[in-house]
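Just below is one structure, and these are the notes that go with it.
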Amino acid sequence: MSHVSYLLRVYLEDRPGSLGVLAVQLGSVGADILSLEVVERGNGYAVDDLVVEVALIRPGPIQGGSVHPY
């Protein structure tokens, strides 16, 4: 399976769970966070650099074996 990596700079509200919500959303499209670096923290916000890996080819339900093909 092929993968491609992206460097993302995100501005998030600096509160518990902000990064977790982003991680769940990225996971829903088949992306994984490989690394995280906090670039800046301000009053109520954080700037983070993320390296995200995305699968270019994802097996569907039949190829993955979760449903019967007929």
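Quick one: would you say Ala23 is open to solvent by less than 70 Å² (accessible area, probe 1.4 Å), at pLDDT 90 or above and touching a strand residue (DSSP E or B) at 6+ places or on another chain (Cβ under 8 Å)? Judged against the criteria, Ala23 is a match. Sub-7 Å Cβ pairs linking a first residue in the stretch 19-38 that is farther than 14 Å from Arg9 by Cβ and in contact (Cβ under 8 Å) with a residue 40 or more places away in the chain to a second residue that is open to solvent by 40 Å² or more (accessible area, probe 1.4 Å) and part of a strand (DSSP E or B), at least 6 apart or interchain, number zero.
Just checking, how many residues over the stretch 42-53 are part of a strand (DSSP E or B) and either open to solvent by 60 Å² or more (accessible area, probe 1.4 Å) or out of contact with any Phe, Trp or Tyr (no Cβ under 7 Å at 6 or more places or on another chain) (or both)? Selection size over the stretch 42-53: 7. Which ones in the stretch 6-20 are surrounded by 13 or more Cβ atoms within 10 Å (Cβ to Cβ) and aliphatic (A, V, I, L, M)? Correct list: Leu8, Val10, Leu12, Leu19. Among the residues of this structure, Val39 does not count as one that is in a strand (DSSP E or B), β-branched (Val, Ile, Thr) and open to solvent by less than 40 Å² (accessible area, probe 1.4 Å).
The values are calculated or read from the model by the stated rules, or taken from the named source; none is laboratory data. From a predicted model like this one, the values you see are computed outputs, not experimental measurements. Because the Cβ atoms are built from the backbone with ideal geometry, glycine has one as well, and the counts that use them run over all protein chains shown. Protein only, heavy atoms only, side chains kept; ligands, DNA and RNA dropped before computing areas. Shrake-Rupley method; radii C 1.70, N 1.55, O 1.52, S 1.80 Å.
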